[in-house]
Amino acid sequence: MTTENEVREASKRFYAALNGMVKGETAPMADIWSHSASATTMHPNGGREVGWEQVRASFDGVGKMASGGHIELAEQLIQVAGDMAYELGVERGQITLAGEKVALSHRVTNIYRRESGAWRIVHHHADPSPAMLELQGRLSKKA
């Protein structure tokens, strides 16, 4: 298998875990993410998380509010340089959060690093989602 295909397989595992998260199942994220202090995210609902514990907590938080949906990566482009790789694309789909369906379509960058012979995601960055931010704002007013 070529290195690019190895990264493509890691991407498939990440998006399988992401689709589990939209159904409330967050445990599979631990299998694909780096557990290092350098793991980071910038999600479509805002914020920035640094370190595996914050990254894990961010996915757990969304998973607790999620009750269905599907997210897929389109227009995938993978570039590999040694033990680092990045992936560009557009995430599309929909997610049900706090009982409300939210349509998704945003650009994304994922960075992978080879750790102990396996490709792990170390960074996930998505464009802000106006629909998710609006829902988050309404939910925080209710709290």
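Annotations
- When the stretch 55-102 is filtered for residues that are touching a residue at least 12 places away in the same chain (Cβ under 8 Å), in contact with a Phe, Trp or Tyr (Cβ under 8 Å, 6 or more places away or on another chain) and of a type outside the set (Gly, Ala, Ser), the ones remaining, listed by number, are 55, 56, 71, 72, 73, 78, 84, 86, 87.
- Members of the stretch 1-19 that are within 18 Å of residue 92 (Cβ to Cβ), without any contact (Cβ under 8 Å) to a residue 24 or more places away in the chain and surrounded by 14 or more Cβ atoms within 10 Å (Cβ to Cβ): 17
- Each residue in the stretch 95-143 was checked for being in contact with a Lys or Arg (Cβ under 7 Å, 6 or more places away or on another chain) and among the acidic types (Asp, Glu), and 1 pass.
- Residues in the stretch 1-27 that are part of a loop (DSSP other than H, G, I, E, B) and within 12 Å of the chain's Cα centre (by Cα): 22, 26.
- Residue count, the stretch 106-143 (criterion: of a type in the set (Ser, Thr, Tyr) and either over 13 Å from residue 86 (Cβ atoms) or not in a strand (DSSP E or B) (or both)): 3
- Any hit, the stretch 42-51, residues being in a loop (DSSP other than H, G, I, E, B), within 10 Å of the chain's Cα centre (by Cα) and not β-branched (Val, Ile, Thr): yes
- Set 105, 36: member being out of contact with any strand residue (DSSP E or B) (no Cβ under 6 Å at 6 or more places or on another chain) and either touching a residue at least 24 places away in the same chain (Cβ under 8 Å) or not β-branched (Val, Ile, Thr) (or both): 36
- You will find that of 81, 143, the residue that is out of contact with any strand residue (DSSP E or B) (no Cβ under 9 Å at 6 or more places or on another chain), at pLDDT 95 or above and over 19 Å from residue 14 (Cα atoms) is 81 and no other.
- Filtered by the rule that a residue be out of contact with any helix residue (DSSP H, G or I) (no Cβ under 8 Å at 6 or more places or on another chain) and either in contact (Cβ under 8 Å) with a residue 24 or more places away in the chain or at positive phi (or both), the stretch 108-117 gives 108, 111, 113, 114, 115, 116, 117.
- In summary, residue 73 fulfils each of the numbered conditions (1) in contact with a His (Cβ under 9 Å, 6 or more places away or on another chain); (2) modelled with pLDDT of 95 or more; (3) under 19 Å from residue 129 (Cβ atoms); (4) among the hydrophobic types (A, V, I, L, M, F, W, C) with the single exception of condition (1).
- Note on the stretch 68-105: residues that are of a type in the set (A, V, I, L, M, F, W, C), loosely packed, with under 15 Cβ neighbours inside 10 Å and more than 18 Å from residue 5 (Cα to Cα) total 2.
The values are calculated or read from the model by the stated rules, or taken from the named source; none is laboratory data. Computed from a predicted structure; not experimentally measured. Don't worry about glycine lacking a Cβ; one is built from the backbone with ideal geometry, like all the others, and counts go over all protein chains shown.
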